[in-house]
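The values are calculated or read from the model by the stated rules, or taken from the named source; none is laboratory data. All figures in this text were calculated on a predicted structure; none of them were measured in a lab. Here the Cβ is made from the backbone with ideal geometry for all residues, glycine too, and neighbour counts use every protein chain on show. Note: areas computed on protein heavy atoms with side chains; ligands, DNA, RNA excluded. Shrake-Rupley method; radii C 1.70, N 1.55, O 1.52, S 1.80 Å.
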Amino acid sequence: SKKDDGMRFVGRDRELKKLNELYQEEEFQFVVIYGRRRVGKTMLINEFLKKKRSAYYMAVEGTSKENLSSISKVLLAEKNEEFYMPEFPDFESLLSYIDHLCKNTDDQERLVIAIDEFPYLAGSYPAISSMLQSHIDQCWKDSNLFLILCGSSMSFMEEQVLGYKSPLYGRRTAQFKLHPFTYFEARQMLSGFKVEEQAVLYGVTGGIPEYLSRIHNDWSMDDNIKKLFFDESGRLFDEPGNLLKQELQDPSSYHSIITAIAGGASRLNEIATKTGLASSGCSAQIQSLITLGIIKKETPLTEGIKSRKTLYTLEDFMFLFWYRFVRTNLSGIMRGIGETIYEVSVKPQISHFMGYIFEEICKQYLYLPQIYMTLPFPTGEFGRWWGNNPKKKRQEEIDLMAENSSEAIFGECKWRNEPADVDILETLQERSGLFHYQKQSYMIFSKSGFTEKLKLREQEEENVRLISFEDMNQL
């Protein structure tokens, strides 16, 4: 069936290539892989382990005895020997057994040991990090062992494995933080749909590989969204709730914060007012959600991180979709009228929801190597800009902007059903007058192409570039 198409290994070519390069170097490797849940870490590891001598263990949230017993079986099974004991009496014996394997590898293919969900193992047996460090220093670093530690708990992996306070600090030879797929990577899993539908499906799944793999290429886009979100048994019906429960102690106030942001509150005081939480507590919880990759903090591109104009938006598009459209309709969906809710009140708003997603897709497009090469100057960061227009005494906003000391690019992204017209370029040029760069370029991205009048302006003005969604999909 076409469904299996989703489960084949796609994307992550760069990471896989790098892992295989490290494997070819005949020396000790300690690789750390982390990223939010469902982003495809385990798929990547399993793809890498194919046809290699390896022991893979996924730690469980349980006792240290349970983890020790299971990891023992995995390691001993790798040798396929009738070993005289079914498991090691303690972790020290287990690690010493790996020492023994390391010393006797001359005649054998190198061994890869992968521990997935390492934070669970460390949670059940906190001394494991120090013990690993001591075995790396005393024995493994001179062997050709290939060790992988992987985890979904971002704060744990960044602080307790990679952080300088961690016993393992400075021991890793490579690290990979896996991000959700871009629209251009996600398209590989959505071959059965028109490009606009691919963009919407990318938006509602947030580019998370595991969610994309649940999409049936032989169902309509609407049916897929209804089955995933608007049906009590759907895969994503309660997904944000499950994710927050796994990561956070008391999810209820986090739910309120995300609901407020999804509903349009973007400044700290607005969020605090809407949720009824004190600003200080609210700020700490927002920080946790930033670490998890759910919220992002934005400042206007031309201002530093300390700017007073800070806004908070949802970085995770699936959360944005769920909190905006599913959470507000939970009781109706539970009563079995999810399909009607989708048709009547959600579907008409999808185009508006996509405006925000389209800005991100445009940014991803500009970072594609073959497009980046053609930009007027090598840009560091693309971002949004907002601020005051002193002449007109009003707030202005620019969707996309990049700058260096003397040049700037200004961009506008339009996800609309009619072609973009000259007024969009003129507004953008007028807003760019708030800045003083020697050289300014303009880019307009449009879902539905451009009017003849605007195309004429592109021919007349060499610093204007029009990019239709169709052009973006020709790559």
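Axis angle, to the nearest 10 degrees, between helix 128-138 and the longest C-alpha principal axis of the chain: 70 degrees. Candidates Leu212, Leu375, Phe319 compared by Cα position along the dipole of the chain: farthest toward the positive end lies Phe319, with charges placed on Cβ. Panel note: the C-alpha atoms of segment 373-450, placed on their principal axes, show extents of 38, 36, 18 Å (largest first).
The largest accessible area among Phe88, Phe435 belongs to the first residue in Phe435, Phe88, and the rest follow in falling order (1.4 Å probe, all chains). Projecting label points 7 angstrom from Cα along Cα→Cβ for Arg394 and Lys453 puts them 1.9 nm apart. Accessible surface for Phe193 stands near 20 Å², nearest 10, in the context of the full protein assembly shown (1.4 Å probe).
Between Tyr97 and Asn46, the FRET efficiency from the beta-carbon distance, with R0 = 35 Å, is close to 0.90. DSSP beta bridges fully contained in the chain are about 30 percent antiparallel. Per-residue surface analysis assigns Thr173 an accessible area of about 60 Å², computed on protein heavy atoms at 1.4 Å probe radius.
Amide H to amide H, with H built 1.01 Å from N, Ala420 comes under 5 Å of Ser448, Gly449, Phe450, Thr451, counting only residues 5 or more places away or on other chains. Between Asp223 and Thr63, the modelled label-to-label distance comes to 5.0 nm, taking each label 7 Å out from Cα in the direction of the beta carbon.
Per-residue ellipticity at 222 nm for the chain, helices alone: DSSP H runs ≥ 4 residues times -39500 (n - 2.57), over residue total, nearest 500 deg cm²/dmol?
Calculated mean residue ellipticity at 222 nm is -11500 deg cm²/dmol.
Our note on the geometry: Cα centres of segment 169-190 and segment 191-207, 19 Å apart.
A 1.4 Å probe over all protein chains sorts His179, His216 by accessible area into His179, His216, starting with the largest.
Helix 279-291 and the long axis of the chain differ in direction by around 70°, with both axes built from C-alpha atoms. Relative to the compact-globule estimate of 2.2 N^0.38 Å, the Cα radius of gyration of segment 9-68 comes out at 1.29.
Per residue, how much accessible surface does the chain expose to a 1.4 Å probe? Answer in Å², no decimals.
On a per-residue basis, the chain sits at 47 Å².
As a calculated quantity, the FRET efficiency between Gln175 and Ser280 at R0 = 41 Å, using C-beta atoms, amounts to about 0.80. For the residue pairs Lys297/Lys363; Lys103/Lys177; Lys274/Lys393; Lys17/Lys52; Lys347/Lys447; Lys363/Lys391, the C-alpha atoms sit more than 21 angstrom apart in Lys103/Lys177; Lys274/Lys393; Lys363/Lys391.
When the accessible area of the chain is split by element with a 1.4 Å probe, what percent falls to carbon and sulfur?
49
Note on Gln287 and Asp238: the model spin-label points, each 7 Å out from Cα along the C-beta direction, lie 3.2 nm apart. Dividing the alpha-carbon radius of gyration of segment 297-397 by the rule-of-thumb value 2.2 N^0.38 Å gives 1.46.
Centre-to-centre separation between the Cα atoms of segment 116-148 and those of segment 395-409: 46 Å.
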